[in-house]
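Step one of this worksheet: look at the structure below.
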Amino acid sequence: MKTVIHLAVLWMGLSTTVMLSQTQQAGTASKAEDQNSAKSGDAAQAANLPSDYVIGADDTLHISVWKEPDLTETLPVRPDGKISMPLLNDVTAAGLTPLQLRDAITEKLKKYIADPRVTVVVTGMNSRRIFVTGEVTHTGPMNLLPHMTMLQALAQAGFTQFANPKGIYLLRSENGKQVKYPFNYKEVVKGNHPEQNIELKPGDTIVVP
């Protein structure tokens, strides 16, 4: 009888150990999947980045230095246009392309590291924004994607039931003056007036009456 009880207790202990191991493995796999998903999202955004993209305040940068994990990190560009890095302290990032910033960081690191290999990737294009206001579902600032048009921005913003698609207009600052560009959504989606579906620029404001 004692032998049977001992075997039962041993079996229960082994079962608990197996279940805990499976739970830990599942948690580790889930965490790895989330990390891979986040990396895929960053890679996709980096792939869509124009080669002449100029870094601005509020952008997010991933800076990696080969074989230097302490110098590899994801950093926000501060409102003053600078980032803070170990060894280098403040480095100006705004106004430079990723390649120009890479070269600048590489040159500064040569004082501390032999043959530094630096990679700069923009993972958050937060400095390039437009604004959508009026009868839209999502009002306020919107990240400006490369080559985004009026139609694409409105598709992302969505209309309320009270929107007047024929009376939409774009406000843009040009040479210190505000210029108004009309946009007839009904006509553009039919393929008419393609010249109204202009490519947007940072700071543009779309108004949906």
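The values are calculated or read from the model by the stated rules, or taken from the named source; none is laboratory data. Keep in mind that what you see is a predicted model, and the values were worked out from it rather than measured. Every residue, glycine among them, receives a Cβ derived from its backbone with ideal geometry; neighbour counts consider all protein chains shown.
Can you name every one of the strands (runs of 3 or more DSSP E) wholly within segment 121-179 that holds 3 or more residues which are over 17 Å from the mean Cα position of the chain (by Cα)? The strands (runs of 3 or more DSSP E) meeting that bar are 129-134, 168-174. Within segment 61-73, the set of residues being touching a helix residue (DSSP H, G or I) at 6+ places or on another chain (Cβ under 9 Å) and within 20 Å of residue 125 (Cα to Cα) comprises 61, 62, 63, 64. Scan segment 95-108 and tell me whether some residue there is of a type in the set (Val, Ile, Thr), part of a helix (DSSP H, G or I) and over 15 Å from residue 123 (Cα atoms). For segment 95-108, residues of a type in the set (Val, Ile, Thr), part of a helix (DSSP H, G or I) and over 15 Å from residue 123 (Cα atoms): present. If you take the residues of segment 165-193 that are among the aliphatic types (A, V, I, L, M) and either surrounded by 15 or more Cβ atoms within 10 Å (Cβ to Cβ) or in contact with a strand residue (DSSP E or B) (Cβ under 6 Å, 6 or more places away or on another chain) (or both), which of them is nearest to residue 135 (Cα to Cα)? That would be 168. For the condition among the acidic types (Asp, Glu), in a strand (DSSP E or B), farther than 30 Å from residue 193 by Cα and without any contact (Cβ under 8 Å) to a residue 12 or more places away in the chain, residue 115 does not qualify. Per the listing 77, 54, the residue uniquely hydrophobic (A, V, I, L, M, F, W, C) and either closer than 30 Å to residue 160 by Cβ or modelled with pLDDT of 95 or more (or both) is 77.
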